[in-house]
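The values are calculated or read from the model by the stated rules, or taken from the named source; none is laboratory data. In this text the structure is predicted, and so the values were computed from the model without any measurement. Cβ placement follows ideal geometry from the backbone for every residue including glycine, while neighbour counts extend to all protein chains displayed.
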Amino acid sequence: MKKTLSVLIAIMAFTQLSTAQEDFTKFRMGFKVSPNISWFQPQDKHFTSEGSVLRFGFGLNADIFFAQNYAIGTGVNVIRNGGIISYLEVTNSQGTDYIVRRERSMSNQYVEVPLTFKLRTNEIGYMTYWGQFGFGLGVNINARGDNEDELMYFYDESDPMDPGWKTVDDRVVQLEEDVNFSDDVQLFRMSMIIGGGIEYNLSGSTSILVGVTYNNGFTNAFKDIDVIRTENGEAVFESGQPRDDVRLRTISNFIELNLGILF
């Protein structure tokens with residue numbers, strides 16, 4: 001009898017423990033707005049990052065919990081990022097070939113699906129602290145910006161005895177605004193995502209979300225753009241012609257502030 005009672009008590013205790021372990025919200029959704037500071041990080045010395053830009057995004061969050069404090073974080077984010085980069089390139093203006101120092105300011109827009117591992121603490125007061133790490137895959141849906149071209153060299157054909165590249169005495173700056181750069185940008189962007197923040201419980205499972213995320217791209221942002229090799233900011237020539245055998249390779253990074261609500 002005592003053995004039977006002991007077995008029953010053990011079974012009841014195990015059942016209560018299992019129930020307690022399963023007593024957590026398994027799925028949460030929410031939305032966020034995300035202002036960010038973004039920039040380009042060149043992968044070659046022949047072009048230069050000229051600064052960061054302020055951009056904005058928004059998205060839908062989804063946390064799929066497989067334990068009380070552990071979840072798979074995903075969702076759909078609409079991201080705008082970009083930056084300012086400069087390089088030397090051959091272009092044509094009114095029938096004359098020029099080498100220009102091009103400063104390009106860009107705004108790229110992506111639809112990104114993140115996949116992260118998310119850890120969170122138990123609620124302390126009304127606060128829950130969380131961190132996440134994972135990856136994102138984005139598809140470019142728009143790329144626009146401005147070109148500012150400083151004329152540095154021109155190809156002079158006026159002297160048939162001495163044709164070739166000559167220095168522009170008066171370095172005129174030409175500006176193109178709101179240019180469509182979609183053909184210059186890679187369709188896909190892969191990135192590493194690291195973030196953290198807090199949730200403030202309002203009522204039940206509804207919480208305010210505040211966090212910071214670092215999104216580090218690791219695929220080239222551009223495609224099929226050949227730029228000129230440089231030395232101290234000047235074009236490198238070989239056999240009288242500029243060496244335009246450098247491929248524009250740069251990654252895009254941003255740090256965003258996440259403000260949202262979870263249900």
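If the condition is being in contact with a Phe, Trp or Tyr (Cβ under 8 Å, 6 or more places away or on another chain) and closer than 30 Å to Ser158 by Cβ, then segment 89-116 contributes Val90, Thr91, Asn92, Thr96, Asp97, Tyr98, Ile99, Arg101, Arg102.
Residues in segment 55-85 that are surrounded by fewer than 19 Cβ atoms within 10 Å (Cβ to Cβ), in a strand (DSSP E or B) and of a type in the set (S, T, N, Q): Thr74 alone. Within the span defined as segment 103-120, every residue fails to be exposed (fewer than 14 other Cβ atoms within 10 Å of the Cβ), at pLDDT below 95 and either β-branched (Val, Ile, Thr) or more than 23 Å from Leu187 (Cβ to Cβ) (or both).
For segment 27-44, the set of residues classified as more than 21 Å from Ile255 (Cβ to Cβ) and touching a residue at least 60 places away in the same chain (Cβ under 8 Å) consists of Arg28, Met29, Asp44, listed by residue number. Of everything in segment 86-102 that is of a type in the set (A, V, I, L, M) and crowded, with 19+ Cβ neighbours inside 10 Å, the residue that is farthest from Leu209 (Cα to Cα) is Ile99. Residue pairs, Cβ under 6 Å, 6 or more apart or interchain, first in segment 50-75 and over 21 Å from Asn36 (Cβ atoms) and in contact (Cβ under 8 Å) with a residue 40 or more places away in the chain, second aromatic (Phe, Trp, Tyr) and crowded, with 16+ Cβ neighbours inside 10 Å. List them. The qualifying pairs are Ala71/Phe65.
State all residues of segment 54-91 that are modelled with pLDDT of 95 or more and among the hydroxyl-bearing types (Ser, Thr, Tyr); if no residue qualifies, say none. Tyr70, Thr74, Ser86, Tyr87 - these are the residues of segment 54-91 that are modelled with pLDDT of 95 or more and among the hydroxyl-bearing types (Ser, Thr, Tyr). Scanning segment 182-202 for residues that are over 16 Å from the mean Cα position of the chain (by Cα) and charged (D, E, K, R) yields Asp183, Asp184, Glu199. With respect to Arg229, is the statement that it is among the charged types (D, E, K, R), over 30 Å from Gly134 (Cβ atoms) and in contact with a strand residue (DSSP E or B) (Cβ under 9 Å, 6 or more places away or on another chain) true? Yes; evaluated as a whole, the condition is true for this residue. Could you check how many residues of segment 136-153 are buried (at least 18 other Cβ atoms within 10 Å of the Cβ) and hydrophobic (A, V, I, L, M, F, W, C)? Summing the residues that are buried (at least 18 other Cβ atoms within 10 Å of the Cβ) and hydrophobic (A, V, I, L, M, F, W, C) in segment 136-153 gives 3. Among the candidates Asn108, Asn92, Asn122, the residue that is among the polar types (S, T, N, Q), under 20 Å from Asp146 (Cα atoms) and more than 19 Å from the chain's Cα centre (by Cα) is uniquely Asn92.
Inside segment 159-258, counting only strands (runs of 3 or more DSSP E) that do not spill past its ends, which hold 1 or more residues that are touching a residue at least 40 places away in the same chain (Cβ under 8 Å) and touching a Leu at 6+ places or on another chain (Cβ under 6 Å)? Give the steps one after another, and end with the answer.
Values: elements: 164-167, 173-180, 188-203, 206-217.
Qualifying strands (runs of 3 or more DSSP E): 188-203, 206-217.
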